[in-house]
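The values are calculated or read from the model by the stated rules, or taken from the named source; none is laboratory data. Everything quoted here is computed from the prediction, not taken from an experiment. Cβ placement follows ideal geometry from the backbone for every residue including glycine, while neighbour counts extend to all protein chains displayed.
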Amino acid sequence: MGRVSGVQIKATGCNMAFAPIVDITYNWECEEIITRAFSNDHEKVAAMAKAYMDGLHETEGVFCCAKHFPGNGQDYRDAHLSNNINSFGLDKWMETYGYVYKTLIDGGMEAVMGGHIMLPEYMREIKPGITDAEMLPATLCPEIMTGLLRDKLGFNGMVVTDASHMVGMTNKMKRADMLPAAINAGCDMFLFFNDPAEDYATMLNAYNTGIISEERMVEALTRILGLKASKGMHKMTPDQLCGTDEELAAALNNEEFKAYSAQVSRDSVTLVKYLDEGVLPLNPEKTKRIMIVPIKGTSGPMDALMAMFGGAAAKKSPAEKLCERLNAKGFEAFIYESPLEKIQKQMAAGEKVSANMYFAGKNAIADFTSKQDLVISLFNVANGHPAFGVSKGGGEIPWYVHEQPVVGISVNLPTMLADAPMLRTYINTYDSRDETMDALVDALVAGVDAFKGTDPIDSFCGMWDTRV
């Protein structure tokens, strides 16, 4: 993955990957990184991140910037929206997150992204008497960005903050104070302007008034310019920095890369839970009629943005992709439409809404099971929890797992067993790319042994009832 990323990054004219993500998913409810981090095991995170970095470095002129120091994955809250806390003290941190970062530093990592993450136990250890109100995120805290990263781990590369608009940073002080504080804490760059002229004036004033010292400014600029010079970028013209259209097309349409992507999907799709023997492999002679029940999550900011620009509408949904592939294998698959969806259509068409439709699912069990031979509960939840909708007899919630075969599949968050513990067969695909949906359907019809993935986290979410 790192090698492919390096080639494609350079072809687009970029020179730094804000990757790998080296957070550790200790908390299954940490939505900010649960779908982006490698594992809940620090040794696995270190090994995977080091491999990614080594692959990235095969492309000349591309830098590696690991994130989010000092480590996300414990607080369920998202630093884009709130505070974020890493609760480890120094010894535990050095054994886990510190082990990961030291592995990368020793391996030649050039840059680190500081996270808006507080380390209260560490701070209490090194500053006895510090109050809760004095706790700062790493990006504003010299004891973390300088004392821990540079002094204890020996990192001398460049540091950039995570986005300077995130609430985990902005809720601590005025922006005019925050930007210089980040540089004084040990960050060499801050990510994203608010207003370029205003932010530039803020930094110039901080330098002219001595808030940012000459020594600190020279140190930060030396790391930034030194990083560029280490790859000869100071001698390159813009044309040399940016690849040609032909090089970009070659990188994005590389057949080797496409084959590798498909292989990753085949190796990753994971059968997490399988209690009812005989459900797999799927066979048209046994379960020809398959009802696919799409289950979405609560809408977030990115969902609204995608809808605004037509991104979501331009692509087939995971349910549509799955339905097409199953029908190509000889099944008669169809997509379930909930009573609430039917009501919404009635309202949109200006028709009189039938309140009885809400209770349409409350009928004989035989009436429900006679319509299909197997149900696939397809979770496409990007954040939060499943928005099941009707609970009184509809098809959204898999209440019928003891009435007919049901297969639960999540194409996004791998933690859906927490909300649907009744599922007796459960699969994580981690994404819904075309190659992944191909691999999923191939495994469904081939059987248990075709699922090559191993659970990188605890998809049972630490709950006993999700296992039974």
Taking only pairs six or more apart or across chains, which ones have beta-carbon atoms under 7 Å, a first residue in segment 177-192 that is in a loop (DSSP other than H, G, I, E, B), and a second residue that is polar (S, T, N, Q)?
186/146; 187/139; 187/161; 192/164
Please go through segment 178-202 and give me each residue that is more than 27 Å from the chain's Cα centre (by Cα) and acidic (Asp, Glu), ordered by number.
195, 198, 199
Can you tell me which condition residue 99 does not meet? The list is (1) among the hydroxyl-bearing types (Ser, Thr, Tyr); (2) assigned to a loop (DSSP other than H, G, I, E, B); (3) at pLDDT 95 or above; (4) surrounded by fewer than 23 Cβ atoms within 10 Å (Cβ to Cβ), and all the others hold.
(2)
Members of segment 229-257 that are assigned to a helix (DSSP H, G or I) and free of Cβ contacts under 8 Å to residues at least 60 places away in the same chain:
229, 234, 235, 238, 239, 240, 245, 246, 249, 255, 256
Pairs under 8 Å by beta carbon, first residue within 22 Å of residue 456 (Cα to Cα) in segment 271-286, partner among the aliphatic types (A, V, I, L, M) and in a strand (DSSP E or B), six or more apart or different chains?
271/427; 272/427
Residues satisfying the stated conditions in segment 52-80, i.e. more than 16 Å from the chain's Cα centre (by Cα) and assigned to a loop (DSSP other than H, G, I, E, B)
57, 58, 59, 60, 61, 62, 70
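Which is of a type in the set (Gly, Ala, Ser), touching a strand residue (DSSP E or B) at 6+ places or on another chain (Cβ under 8 Å) and crowded, with 21+ Cβ neighbours inside 10 Å, of 11, 79? Show your work before the answer.
Values: 11 fails: touching a strand residue (DSSP E or B) at 6+ places or on another chain (Cβ under 8 Å).
Selected residue: 79, the only one of 11, 79 that is of a type in the set (Gly, Ala, Ser), touching a strand residue (DSSP E or B) at 6+ places or on another chain (Cβ under 8 Å) and crowded, with 21+ Cβ neighbours inside 10 Å.
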Which pairs turn up if I take residues in segment 104-120 that are closer than 20 Å to residue 73 by Cα and modelled with pLDDT of 95 or more and look for partners that are charged (D, E, K, R) and buried (at least 24 other Cβ atoms within 10 Å of the Cβ) with beta carbon separation below 9 Å, at least 6 apart in sequence or on another chain?
113/162; 114/162; 115/23; 115/162; 116/162; 117/162
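So is residue 167 surrounded by fewer than 22 Cβ atoms within 10 Å (Cβ to Cβ), in contact (Cβ under 8 Å) with a residue 12 or more places away in the chain and β-branched (Val, Ile, Thr) or not? Before you say what the answer is, go through the steps one by one.
Working: surrounded by fewer than 22 Cβ atoms within 10 Å (Cβ to Cβ): yes; in contact (Cβ under 8 Å) with a residue 12 or more places away in the chain: yes; β-branched (Val, Ile, Thr): yes.
Yes; evaluated as a whole, the condition is true for this residue.
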Residue check, residue 286 against (1) assigned to a loop (DSSP other than H, G, I, E, B); (2) at pLDDT 95 or above; (3) surrounded by 15 or more Cβ atoms within 10 Å (Cβ to Cβ); (4) of a type outside the set (S, T, N, Q), all met but one. Which one?
(3)
Residue within segment 123-141 that is in contact with a Lys or Arg (Cβ under 9 Å, 6 or more places away or on another chain), of a type in the set (D, E, K, R) and over 24 Å from residue 227 (Cα atoms) present:
yes
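Go over the candidates 92, 50 one by one and state the one that is under 30 Å from residue 242 (Cβ atoms) and either touching a Leu at 6+ places or on another chain (Cβ under 9 Å) or without any contact (Cβ under 8 Å) to a residue 12 or more places away in the chain (or both). Let's see the steps before the verdict.
Details: 92 fails: under 30 Å from residue 242 (Cβ atoms).
After ruling out the rest, the residue left standing is 50.
Kindly indicate the residue of segment 216-253 that is charged (D, E, K, R), surrounded by 12 or more Cβ atoms within 10 Å (Cβ to Cβ) and more than 31 Å from the chain's Cα centre (by Cα) and also farthest from residue 110 (Cα to Cα) among those meeting that condition.
So in segment 216-253, the residues charged (D, E, K, R) come out as 216, 219, 223, 228, 231, 235, 239, 245-247.
Next cut, surrounded by 12 or more Cβ atoms within 10 Å (Cβ to Cβ) only: 216, 219, 223, 228, 231, 247.
Going one step further and asking which of them are more than 31 Å from the chain's Cα centre (by Cα), we end up with 216, 219.
Working: 216: 19, 219: 15 Å.
Selected residue: 216.
To keep it simple, each residue is scored yes or no on (1) modelled with pLDDT of 95 or more; (2) surrounded by fewer than 14 Cβ atoms within 10 Å (Cβ to Cβ); (3) touching a Phe, Trp or Tyr at 6+ places or on another chain (Cβ under 8 Å).
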site: 350; (1), (2), (3): no, yes, no
site: 367; (1), (2), (3): no, yes, no
site: 376; (1), (2), (3): yes, no, no
site: 394; (1), (2), (3): no, no, no
site: 415; (1), (2), (3): yes, no, yes
site: 418; (1), (2), (3): yes, no, yes
site: 421; (1), (2), (3): yes, no, no
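Per-residue answers, yes or no, for (1) in contact with a Cys (Cβ under 8 Å, 6 or more places away or on another chain); (2) surrounded by 19 or more Cβ atoms within 10 Å (Cβ to Cβ); (3) farther than 22 Å from residue 135 by Cα; (4) charged (D, E, K, R):
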residue: 177; (1), (2), (3), (4): no, no, no, yes
residue: 183; (1), (2), (3), (4): no, yes, no, no
residue: 186; (1), (2), (3), (4): no, yes, no, no
residue: 190; (1), (2), (3), (4): no, yes, no, no
residue: 195; (1), (2), (3), (4): no, no, yes, yes
residue: 198; (1), (2), (3), (4): no, no, yes, yes
residue: 205; (1), (2), (3), (4): no, no, yes, no
residue: 210; (1), (2), (3), (4): no, no, yes, no
residue: 214; (1), (2), (3), (4): no, no, yes, yes
Given the criterion within 22 Å of residue 456 (Cα to Cα) and not acidic (Asp, Glu), identify the matching residue among 83, 72.
72
